[in-house]
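Contents: one structure, followed by commentary.
The values are calculated or read from the model by the stated rules, or taken from the named source; none is laboratory data. Here the structure is a predicted model, which is why all the values come from computation and not from measurement. Positions of Cβ are backbone-derived with ideal geometry, glycine not excepted, and every protein chain shown enters the neighbour counts. Side chains included, ligands, DNA and RNA excluded: accessible areas come from the protein's heavy atoms. Shrake-Rupley method; radii C 1.70, N 1.55, O 1.52, S 1.80 Å.
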Amino acid sequence: MENKVKNNFLLLTPSSTKKILLYLLLVGLFIRALGLNFGLPFLYHVDEKRFAEISLNYLKGDLNPHFFHVPSLYTYLQAGWWGLIYLGGKLFGAFHSVEELVKSFSANPTLFIIIGRILNLLFSLGTIALVFDLGRRMYSLRAGLWASLFLIFSHIHNKISHYSLPDVPMVFFLVLSYYFIWKIMERGQAKNYLLAGFTAGLATATKYGGQLLFLPLFLAHLFYQRRQKKTWLSIFLNWPLILAGCLFIVAFFIGCPFAFLDFKTFWKDFQWQSQHLYTVGHYGGSTSQSAFVFYLLYGFRDNLGPVAQWLILLGLILFFLRPKKKDLILLSYPLLLFVIVSTWKAKAVRYLLPFTPFLIIYCGKIVDNLQSLFEKLPTSSFRVNKVFSKNKYLFPIILGIPLLFPQAYKVSRFDISLTQKDTRTQAREWVLEHLPHGSKIALEMYGPPLFNCGYELLYRHTIGNVNLEFLAFREVNFIIISDIMYHRFITNPKDYPKQAKFYRSLDEKTVLIKEFKPRWNEDLIDLHNPTIKIYYLSSLPNYDFPGNFEQYAQQISLTKTQISNWKIQSQVLAISPYSGREKVSRVFVDIVSPQQEESTRIYLANTSFTLNTLNQIHYSGEQSSIVLRPRSKIFIGYEYVFDPQPLFLAVSGPHEKKYLLVDGFSSETLKRKKLNFFYFYRPSPAKNGDEYFQVVTITPHRKKFKFFSQIYGGELRWGNDYLVNPIAQIQDKRGQVVFDLPIFKGKLGSFQGKKKGGAKKSMIIPSLPRNFKVSGGFSFYYDDSLPDKAGGPASFLFPSLFFKDKNNLK
């Protein structure tokens, strides 16, 4: 029986129920249908593609999904829906066989996916109708109205209603099962038990979780039976209750038969899914933030609304103060499920969707109570109440603005974004127009669809699992990333330092040539309209600083003039610049303050305007009044431009390459009156097939010096080489070794090496000889592609350049 509604401001009578529901469904239809064709013909939601492929396999004759991370009922429903397309197409001669249907999907899945999304749209509208009906049956017509409005403007329910995925059908079956559970509470009747158990089984066969409905079902059964004065034994040994459990299993078997027929695969996938949810979590998701905190911050906000979410807290307080049986039945399922999902490692606001309708119905009740409380205030005592009494729509509008408007704005913004061309489609069109065919492109998940478009693709789930050295070794020209992927790492650098470092390195060591941004950005990861960035990676042997030259040496001298002020002098010797489109314009030194609020750049002038016979270029510069503080950093680098400028590059530059020479000074180091820094770079001579680069730096360390060297290169990690006993040495002017730095002992490299990749080592030395030399070398080098060139030992000098200050090494 419907509760009788008394409302002086907004008259809602049972006779108007159908008309109200019709209006609600029309609003829900408009909101859910807007943008339903988003992304097509491309399938940008990876799960839509997965479930579509499973449904197609059914039509080809294999009814086993071979996939049980999610049960199979939804894919069967979708396959049946598509079967209607096949029958219609066969009737009119469009399809002569299932193979033609599959080929049609592969050529353009638009019609199939639209049909699948319409199926979910119908389930979504059905859920809105059920929430309205349950709200009015359990509490009042007005409560049902508010509840249905909350669901219509639920951001997550609206978003997922646009996908051909099992989430929305599962929610529909959950609410439908609860509809019969409430009827058990009201009337008992065996048919309600059977229907409640059967629809709960359908919910579980759509997506795991419906089995938890047994708790509200049992509570409804208990309260009804106690009203009938039944004994405890008859309550537990009740045949409708037992049959409800049996029909639950039958319905699950109907919707997911191969969970029984292929139990081995089912159990394997079910265990994987459990492990994923409880112990592993989503790849890239924060492991430091608990799911409980995450849902308190975002879950209720995105499912109910930033203001409406507080109605739950208010309602729970009222519930614990004055508990009611029907409230307990309604809240038992969402509270139990919330306790469970709060223990998962995997976190997503959509995980609250299964119990959102139940909380929304309760929110409708709270709003109804607030309205009723206000209506009971005497109009003679309150001038404001007199105003409301003259306009019956005024109070609901004022109440609805904070409760519904924030979510309505978010929902409308999302729907409008779906009607616009996806940023991935925009990026795809730009790439096809501007990037040369045959280019090597590194691409990650959620990027533009570029397969079979004439490019050589290096695809990774996330490019953050590799590094720029690997991409350079694979001769990648362009790197395309999506913030659906990279955002999860750069926002959790402590959990994923390697991936976060890689994505940061793109802005530091490559050139951003194009960026596609959505009109609106969500604060959480969103699968629609991601920010797409396209980077250019230098094709030089060494893409990084100072790879525009074969050899490079730099000295920096800092002389104290006052307590914190210093005079800086620097000279550079750059040997054999590489010919190509990258043209070095200016060399610089950056002094960066500890808080990185201040940065001083000193440009070095080109002091040799024409290359000499040795292809040497000299740069020098100086500046007074440089401020140095503890933890200040020094970068060395150069600017460059593209000449000629490629068509794909919209920004003329200049661009930068730089190297962190000093990562902060100690207070003890800054007590010295003079500080000298040295940087040396060159590739190995390659006489033995060796292909690697070596850097040597000598920097002040308290009252001494730090002697550091690093060797690196893609061949040492991914090629088929090894290097034996690489070293760096400091020699005096007569060539005698003063300091020897063994970088690695034994075989180092990608072929038979003790360690793959490069290596680095440092040591503290007391002082430096005047006019010293720096050398590198190794005992032996082997390249399996060039075995005839293997050999050693080898030694080579780095270029050197010093100031003419006799005291420069103090």
* Would you work out the charge dipole size for the chain about its Cα centre, treating the Cβ of every Lys and Arg as +1 and the Cβ of every Asp and Glu as -1, and quote it to the nearest 20 debye? => 2980
* When we measure straight from the Cα of Lys325, which aspartates and glutamates land under 16 angstrom away, once same-chain ones fewer than 8 places off are left out? -> Glu186
* Structure fact -> Judged on accessible area alone, 1.4 Å probe, highest first, Arg519, Arg424, Arg227 line up as Arg519, Arg227, Arg424
* What order, most packed first, do the peptides 753-761, 673-681, 365-373 have when packing is the mean number of other Cβ atoms within 10 Å of each residue? -> 673-681, 365-373, 753-761
* Give the shape of the range 228-385 as rounded, prolate or oblate, defined through the alpha-carbon gyration tensor: a ≥ b ≥ c are the square roots of its eigenvalues, a/c under 1.5 means rounded, and otherwise the shape is prolate if a/b is larger than b/c and oblate if not. => oblate
* **Greater than 27 Å apart at Cα, pairs in Lys60/Lys90; Lys326/Lys347; Lys657/Lys706** => Lys326/Lys347
* Asked: Over the chain, what relative contact order in percent results from Cα pairs under 8 Å that are six or more residues apart?
  -> 9
* Asked: For the chain, what number results from the quotient of the Cα radius of gyration and 2.2 N^0.38 Å?
  -> 1.24
* Asked: How many nm separate the modelled label positions at Tyr298 and Leu527, each set 7 Å beyond the Cα in the direction of the Cβ?
  -> 1.5
* Structure fact -> Val175 neighbourhood, Cβ < 15 Å, K/R = +1, D/E = -1, net charge +2
* Structure fact -> Quick calc: nm separation of the 7 Å Cα→Cβ label points for Tyr278 and Lys789 -> 5.6
* Asked: So, with +1 on the Cβ of K and R and -1 on the Cβ of D and E, and no other charges, what is the size of the charge dipole of the range 184-341 about its Cα centre, to the nearest 20 debye?
  -> 720
* At 0.36 nm per residue, minus the direct Cα-Cα distance, what do Cys246 and Phe270 gain on full extension? Give it in nm, one decimal, please. => 6.5 nm
* Structure fact -> For the chain, the charge dipole (Cβ of Lys, Arg +1; Cβ of Asp, Glu -1; about the Cα centre) points to a positive end, and the Cα of Pro654, Val627, Asn606 closest to that extreme belongs to Val627
* Structure fact -> Longest principal axis of the chain (C-alpha) makes with the long axis of helix 110-138 (C-alpha) an angle, in degrees to the nearest 10, of 50
* Averaged per residue, what accessible area in Å² does the range 674-810 show with a 1.4 Å probe, protein chains only? -> 46
* Extension gain Leu26-Ile397, at 0.36 nm per residue separation less the Cα-Cα distance, in nm? -> 131.6 nm
* **5 angstrom amide H check on His701, placed H, neighbours 5+ away** => Lys706
* To do: Distance between Cα centroids, the range 214-268 to the range 556-581: provide it in whole Å.
  => 79
* In the P(r) worked out for the range 170-252, what percent of Cα pairs fall beyond 18 Å? -> 32
* To do: Would you mind putting 522-530, 548-556 in packing order, based on average other-beta-carbon counts within 10 Å, highest first?
  => 548-556, 522-530
* Structure fact -> Taking Cα atoms, the helix 17-33 axis meets the longest principal axis of the chain at an angle in degrees (rounded to 10) of 20
* Show the residues, 5+ positions off or on another chain, whose built amide H is closer than 5 Å to the amide H of Phe549. => Tyr578
* In sequence order, calculated HN-Hα J values of the range 764-774 (Karplus, 6.51, -1.76, 1.60; Hz; x Gly/Pro) -> 9, 10, x, 7, 10, x, 5, 6, 6, 10, 10
* Structure fact -> Taking 0.36 nm per residue of separation between Leu336 and Leu660 and subtracting their Cα-Cα distance, the length gained on full extension comes to 111.3 nm
* Asked: What is the list of residues in the range 236-250 whose amide nitrogen lies under 16 Å from a point 7 angstrom out from the Cα of Phe263, following Cα to Cβ?
  -> 249-250
* Structure fact -> So the FRET efficiency between Phe236 and Leu328, C-beta based with R0 = 25 Å and rounded to 0.05, is 0.85
* Structure fact -> Yeah, the range 443-496 with a ≥ b ≥ c from its alpha-carbon gyration tensor (a/c under 1.5 is rounded, else prolate when a/b outruns b/c, oblate otherwise) is oblate
* Determine ³J(HN,Hα), in whole Hz, for all residues of the range 183-193 in sequence, where each value follows from phi through the Karplus function 6.51 cos²θ - 1.76 cosθ + 1.60 and θ = phi - 60°; x replaces Gly and Pro. => 5, 4, 4, 7, 10, x, 6, 4, 4, 5, 4
* Once every DSSP H run of n ≥ 4 in the chain is given -39500 (n - 2.57) and the sum is divided by its residues, what mean residue ellipticity at 222 nm do you get, rounded to the nearest 500 deg cm²/dmol? -> -13000 deg cm²/dmol
* Asked: Taking R0 as 35 Å, what's the FRET efficiency between Gln562 and Lys745 from their Cβ-Cβ distance, rounded to 0.05?
  -> 0.15
* Nearest 0.05, what FRET efficiency do His461 and Ile118 give at R0 = 30 Å with Cβ-Cβ as r? -> 0.45
* Structure fact -> Output ordering of 271-282, 328-339 (per-residue mean of other Cβ within 10 Å, highest first) is 328-339, 271-282
* Between Thr343 and Gln595, with labels modelled 7 Å along Cα→Cβ, what's the label distance in nm to one decimal, could you check? => 4.7
* Any of Lys633/Lys674; Lys183/Lys365; Lys761/Lys789; Lys183/Lys324; Lys440/Lys498 with alpha carbons more than 20 Å apart? Name them for me. => Lys761/Lys789; Lys440/Lys498
* Asked: Rounded, prolate or oblate: which fits the range 739-805, taking a ≥ b ≥ c as square roots of the Cα gyration tensor eigenvalues, rounded meaning a/c under 1.5, else prolate when a/b beats b/c?
  -> prolate
* Taking amide H positions as placed 1.01 Å from N in the peptide plane, with prolines and chain starts having none, which residues 5 or more places from Ser585, or on another chain, fall under 5 Å of its amide H? -> Glu639, Tyr640, Val641
* Convert each backbone phi in the range 339-347 into a coupling constant with the Karplus relation 6.51 cos²θ - 1.76 cosθ + 1.60 (shift: θ = phi - 60°), then list the ³J(HN,Hα) values in order as whole Hz, x for Gly and Pro. => 4, 6, 5, 6, 8, 6, 7, 6, 10
